[in-house]
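Here's the structure we're looking at; comments come further down.
The values are calculated or read from the model by the stated rules, or taken from the named source; none is laboratory data. Source: prediction; values computed, not measured. Quick reminder, even Gly has a Cβ in these numbers, built from the backbone with ideal geometry, and neighbours come from all protein chains shown. Heavy atoms of the whole protein, side chains included, go into the accessibility calculation; ligands, DNA and RNA do not. Shrake-Rupley method; radii C 1.70, N 1.55, O 1.52, S 1.80 Å.
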Amino acid sequence: MSLSKKYTVIIAEDDIFQRQVLIQFLKEVNNLEVIDSVSSGERLVESYKRHNADIIVIDIGLHKKDGITAAKEILSFSTPQIIIVTGNTDRDNLLIGYELNFVGYILKPVDKLKFIRAVQEAVKRTEIRLLSSIASVNHSDVKWINCRYKYRDQQIPEHLIVHIKKEDKYLSHIHLADGEIIKTSTTLKDIEKQCSNNIFRSHKSYLVNIKYIRAVYTNICTPGSYDITLTNSIEVLPLSSKYYPDYLAKIGLRNIPK
């Protein structure tokens with residue numbers, strides 16, 4: 001199985017010119033999306049908590065909080081792939097990068113080929129991690145969801161369903177972890193009846209698998225509503241106030257980042 005997801009990237013670089021160079025390099029790598037760029041270590045940590053990016057490109061000499069300190073803070077609660085891009089040749093930083101399993105340590109001026117290879121390795125590691133989590137499901141424990149489209153029944157493993165979106169009265173799209181989208185005329189209500197507690201309704205037009213939720217945060221434009229970000233996807237799904245209590249119940253009332 002291969003994935004066709006977009007992988008998200010945050011760039012932490014205080015030099016505007018260098019930041020633009022890195023963005024241009026990243027455009028040459030398939031399935032990548034730069035979702036934010038920051039100039040300080042503090043902003044990097046804040047941005048990561050909001051976006052939970054798959055990959056972070058970090059300069060060591062950042063404002064307020066250096067890149068190594070910011071990387072350690074992020075790694076204390078999450079596991080993104082980290083690439084250091086810096087003019088700092090301090091041997092201690094090289095050793096720290098090795099100990100923290102950074103994907104690459106690229107010295108400035110940035111060699112385009114070396115940088116792209118490091119990014120491709122970061123994508124590979126991210127994909128392997130997701131595929132491993134999918135493959136770890138015991139086949140005998142697989143829960144199959146029956147759906148119909150154009151008079152044909154199809155069986156879909158629940159653990160591969162990321163989310164389901166109702167497109168219109170007679171059509172919904174089932175989004176799978178490997179990037180495939182399956183059409184079905186089966187209603188969300190009928191699908192929901194077949195699912196375990198891992199699948200919940202976040203909105204009248206959406207079902208979401210809790211296992212693929214990266215973060216939930218307040219929608220600043222609609223008071224009382226929330227946004228859901230997903231693993232290995234830049235798509236943002238709605239979580240309405242009506243279904244928010246159900247979400248909290250399913251995750252055991254853990255704290256939700258705002």
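Solvent-accessible surface of protein heavy atoms, probed at 1.4 angstrom with all chains present, puts Ser40, Ser196 in the order Ser196, Ser40, largest first. Counting only whole DSSP H helices of the chain, the ones at least 18 Å long by C-alpha along their axis and with mean Kyte-Doolittle hydropathy no lower than -1.0 are 112-135.
Under 5 Å from the amide H of Lys65 lie the amide H atoms of Gly41, Glu42, each residue being 5 or more positions distant or on a separate chain, with H modelled from the backbone and absent for Pro and chain starts. With all protein chains present, how much of the accessible area of the chain (probe radius 1.4 Å) comes from carbon and sulfur, to the nearest whole percent? The value for the chain is 49 percent carbon and sulfur by accessible area.
Probing with 1.4 Å while keeping every protein chain in the model, the per residue accessible area of the chain equals 52 Å².
When Rg and Dmax are taken over the Cα atoms of the chain, they come to 20.2, 65 Å. Using a Gaussian network for the chain with springs between C-alpha atoms less than 10 Å apart, which of these wobbles most: Pro238, Pro157, Pro80? Result: Pro157 has the largest fluctuation of those listed. Rounded to the nearest 20, the size of the Cβ-charge dipole of the stretch 1-118 about its Cα centre is 300 debye, with Lys and Arg at +1 and Asp and Glu at -1.
For the stretch 61-66, the Karplus equation 6.51 cos²θ - 1.76 cosθ + 1.60, evaluated at θ = phi - 60°, returns couplings of x, 8, 6, 6, 9, 5 Hz by residue, with Gly and Pro reported as x. When the charge dipole of the chain is built from unit charges on Cβ atoms (+1 for Lys and Arg, -1 for Asp and Glu) and taken about the Cα centre, the candidate among Ile116, Tyr7, Ile68 whose Cα reaches farthest toward its positive end is Tyr7. The distance from the alpha carbon centre of the stretch 39-78 to that of the stretch 192-224 is 27 Å, rounded to a whole number. In the assembled protein chains, Phe77 presents an accessible area of approximately 100 Å² (probe radius 1.4 Å). In a fully extended conformation the segment linking Phe17 and Glu121 would gain 35.0 nm over its present Cα-Cα distance, using 0.36 nm per residue.
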